[in-house]
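**Q** Here it is, the structure, as structure tokens.
The values are calculated or read from the model by the stated rules, or taken from the named source; none is laboratory data. In this text, all values refer to a predicted model and were calculated from it rather than measured experimentally. Cβ atoms come from the backbone with ideal geometry, glycine included; neighbour counts cover every protein chain shown.
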């Protein structure tokens, strides 16, 4: 009787260990580097090549960017690639605790593509799947610095989703600045003058 109870206990413990290991490996699998920056730029502009450029973050740009992402923007400049009216940005935004590296392609003041290049959180990695990122295609920036279309959330990935939303909105703003898009930039500058933090 005791040996039968011992076998049942060992089998139950082994099954529990297997289940825990399986669940842990699923959450860890969300992490990873999925595409390098140079590969992202090459894919975006293929078969042509985008020109590597720099956007210097003036106090005005920095103030407006801080409103968009809801925290101060670090650094003196942002590197991006451009070919005519198409720009590609690689931005980082914190999910829950770790940065998410996000590639955003903007053309004619609307998002053409959002792609998660690196994900470092243990949860919420579903934001990297094309079924999620496809929702951003066609999104533009409103005067309140938010995207003009609703992005469906993912249970357990709320902070990651917010991070991607912020990066997408920031890329749209930066695109308007570097392409000097008259319609977007003028309305954003006017509204930021009234909304800038004091």
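**Q** What number of residues within segment 87-107 satisfy the criterion of being part of a strand (DSSP E or B) and closer than 23 Å to residue 144 by Cα?
**A** Summing the residues that are part of a strand (DSSP E or B) and closer than 23 Å to residue 144 by Cα in segment 87-107 gives 14.
**Q** In addition: Output yes when any residue across segment 131-149 is surrounded by fewer than 14 Cβ atoms within 10 Å (Cβ to Cβ), out of contact with any strand residue (DSSP E or B) (no Cβ under 6 Å at 6 or more places or on another chain), at pLDDT 90 or above and part of a helix (DSSP H, G or I), and no when none is.
**A** Yes, segment 131-149 has at least one match.
**Q** Oh, and also: In segment 99-130, how many are farther than 20 Å from residue 174 by Cα, crowded, with 21+ Cβ neighbours inside 10 Å and either modelled with pLDDT of 95 or more or touching a strand residue (DSSP E or B) at 6+ places or on another chain (Cβ under 8 Å) (or both)? Full working, then the answer.
**A** Step one: list which residues in segment 99-130 are farther than 20 Å from residue 174 by Cα, which gives 118-130.
Checking the rest, the ones that are also crowded, with 21+ Cβ neighbours inside 10 Å come to 119, 121, 124-125, 127-128.
Subsequent filtering for residues that are either modelled with pLDDT of 95 or more or touching a strand residue (DSSP E or B) at 6+ places or on another chain (Cβ under 8 Å) (or both) retains 119, 121, 125, 127-128.
Residues that pass the stated criteria total 5.
**Q** Taking the condition crowded, with 20+ Cβ neighbours inside 10 Å, touching a residue at least 60 places away in the same chain (Cβ under 8 Å) and part of a helix (DSSP H, G or I), does residue 171 pass? Quick ask: steps written out before the conclusion?
**A** Details: crowded, with 20+ Cβ neighbours inside 10 Å: yes; touching a residue at least 60 places away in the same chain (Cβ under 8 Å): yes; part of a helix (DSSP H, G or I): yes.
The answer is yes for residue 171.
**Q** Within segment 62-79, does at least one residue satisfy the condition of being in a strand (DSSP E or B), in contact with a strand residue (DSSP E or B) (Cβ under 6 Å, 6 or more places away or on another chain), at pLDDT 95 or above and surrounded by fewer than 17 Cβ atoms within 10 Å (Cβ to Cβ)?
**A** yes
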